[in-house]
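Comments concern the structure below.
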Amino acid sequence: MNKPNIFKREINYVLLLLPALLIYCTFFIYPTIKTAIYSFTNWSDVHPVVVKFVGLNNYIALFKDSIYLTGISNTLIYAVLAMLGQNLLAIPLAVFLNKKLKTKNLLRAAFFLPAVFSVLVIGFLWNFMYSPSDFGLINQLVVSLGFERINFLGDPRLALYSVIIASVWQWVGYTMVIYLANLQSISTDYYEAAKIDRANGWQLFCYITLPLLLPAITFNTVMGMINGMKVFDIVYALTGGGPGYSTETIVSLMIKKGLSEGFYSYGAAFGIVFVILVGFITFLHFTLIKMWERR
């Protein structure tokens with residue numbers, strides 16, 4: 001292909017990408033830059049008009065505030081445990097439902113069903129199941145086994161983990177569907193060749209299934225971490241951030257402190273820390289996945 005034709009082709013590609021690029025710049029790049037600028041000011045309901053540059057004061061105050069550090073810690077715990085829980089359950093589930101079962105379509109639909117419900121519906125459902133009253137389904141089982149009732153959402157030591165369990169329950173079916181799609185693209189020739197060499201089921205899974213699931217594993221774990229870092233709705237539906245600050249996350253604190261209480265520059269600084277944190281964790285995640293690929 002000669003140079004004029006190559007140039008014409010490249011121009012066409014650029015023109016096709018231009019609308020998406022404009023939308024990306026308008027709704028992400030520009031707001032991020034404005035947020036970064038405001039994070040170095042004293043903009044708040046107290047100083048709504050006369051906004052002054054305050055340097056790193058907001059960032060220094062942020063890392064001295066135990067509530068914000070609790071929010072960061074809770075978010076990281078939630079993101080890691082929810083991502084691991086969803087994927088560790090979804091992979092064996094997908095392998096099982098990829099077999100020739102008469103009820104496989106029914107079972108796939110049943111496991112996927114929670115993903116189509118609103119998070120508020122899931123929150124109401126798990127509030128009922130976790131309830132320490134006589135109507136709480138899980139506590140009925142606990143009492144019938146001879147143990148005392150457990151206040152899952154009212155105990156600060158259990159509340160965050162109770163929220164994680166509800167989230168894993170909702171999204172494990174969605175994650176399973178992505179693994180199923182990947183599994184169905186793996187050629188049966190690999191398995192037949194391995195069986196001729198007398199490989200058992202565990203060896204087939206470890207040396208064929210798992211390595212060839214790497215594209216789905218990469219997608220599910222990266223998206224799981226990013227979604228976990230952005231968590232707000234399930235926390236709001238189940239605990240509202242309580243008891244105390246035991247289930248507050250980065251996003252819930254940004255909304256409460258940054259918007260509801262009018263400390264806009266403080267919220268902006270927290271937002272920039274959040275973007276940097278998500279970027280760093282995603283980079284680290286991709287690096288670890290690539291190291292696994294090279295092995």
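If you go through the range 114-166 and keep only what is polar (S, T, N, Q) and within 23 Å of residue 249 (Cα to Cα), you end up with 118, 127, 131, 151, 162.
Just for helices (runs of 4 or more DSSP H) wholly inside the range 92-167: which have at least 3 residues that are under 27 Å from the mean Cα position of the chain (by Cα)?
Of the helices (runs of 4 or more DSSP H) lying wholly inside the range 92-167, those with at least 3 residues that are under 27 Å from the mean Cα position of the chain (by Cα) span 104-112, 119-130.
Taken over the range 268-294, the criterion of being touching a residue at least 40 places away in the same chain (Cβ under 8 Å) and open to solvent by 50 Å² or more (accessible area, probe 1.4 Å) is satisfied by 275, 286, 292, 293. Identify the single condition in (1) closer than 27 Å to residue 46 by Cβ; (2) buried (at least 21 other Cβ atoms within 10 Å of the Cβ) that residue 216 does not satisfy, given that it satisfies every other one. So the condition that residue 216 fails would be (1).
Pairs are defined by a Cβ separation below 7 Å, a sequence spacing of at least 6 or placement on different chains, a first member in the range 58-75 that is open to solvent by less than 50 Å² (accessible area, probe 1.4 Å), and a second member that is of a type in the set (Gly, Ala, Ser) and assigned to a helix (DSSP H, G or I); the pairs so defined are 58/265; 58/269; 59/269; 62/269. Against the conditions (1) among the aliphatic types (A, V, I, L, M); (2) at pLDDT 90 or above; (3) more than 24 Å from the chain's Cα centre (by Cα), residue 46 satisfies every one except (2). Scanning the range 178-215 for residues that are part of a loop (DSSP other than H, G, I, E, B) and more than 22 Å from residue 286 (Cα to Cα) yields 184, 185, 186, 187, 197, 198, 199, 200. Taking the listed residues 265, 260, 185, the one that is of a type in the set (S, T, N, Q) and either under 18 Å from residue 119 (Cβ atoms) or surrounded by 19 or more Cβ atoms within 10 Å (Cβ to Cβ) (or both) is 265, with no other qualifying. Just to verify a result, which residue in the range 127-161, among those that are among the aromatic types (Phe, Trp, Tyr) and without any contact (Cβ under 8 Å) to a residue 12 or more places away in the chain, is farthest from residue 228 (Cα to Cα)? Ranking the candidates gives 147 first. Only one entry of 145, 153 meets the criterion of being aliphatic (A, V, I, L, M), open to solvent by 20 Å² or more (accessible area, probe 1.4 Å) and more than 22 Å from residue 85 (Cα to Cα), and that entry is 145. With the condition kept exactly as written, say whether any residue in the range 33-55 is within 18 Å of residue 276 (Cα to Cα), aromatic (Phe, Trp, Tyr) and open to solvent by 80 Å² or more (accessible area, probe 1.4 Å). No, the range 33-55 contains no residue that is within 18 Å of residue 276 (Cα to Cα), aromatic (Phe, Trp, Tyr) and open to solvent by 80 Å² or more (accessible area, probe 1.4 Å). Do we find a residue being out of contact with any helix residue (DSSP H, G or I) (no Cβ under 6 Å at 6 or more places or on another chain) and within 30 Å of residue 276 (Cβ to Cβ) anywhere in the range 196-214? Within the range 196-214, one or more residues are out of contact with any helix residue (DSSP H, G or I) (no Cβ under 6 Å at 6 or more places or on another chain) and within 30 Å of residue 276 (Cβ to Cβ).
The values are calculated or read from the model by the stated rules, or taken from the named source; none is laboratory data. Here the structure is a predicted model, which means the values were calculated and not measured. With ideal geometry, Cβ positions are generated from the backbone for all residues, glycine too; neighbour counts draw on all protein chains shown. When the accessible area is computed, the model is the full protein with side chains, heavy atoms only, and any ligands, DNA or RNA have been set aside. Shrake-Rupley method; radii C 1.70, N 1.55, O 1.52, S 1.80 Å.
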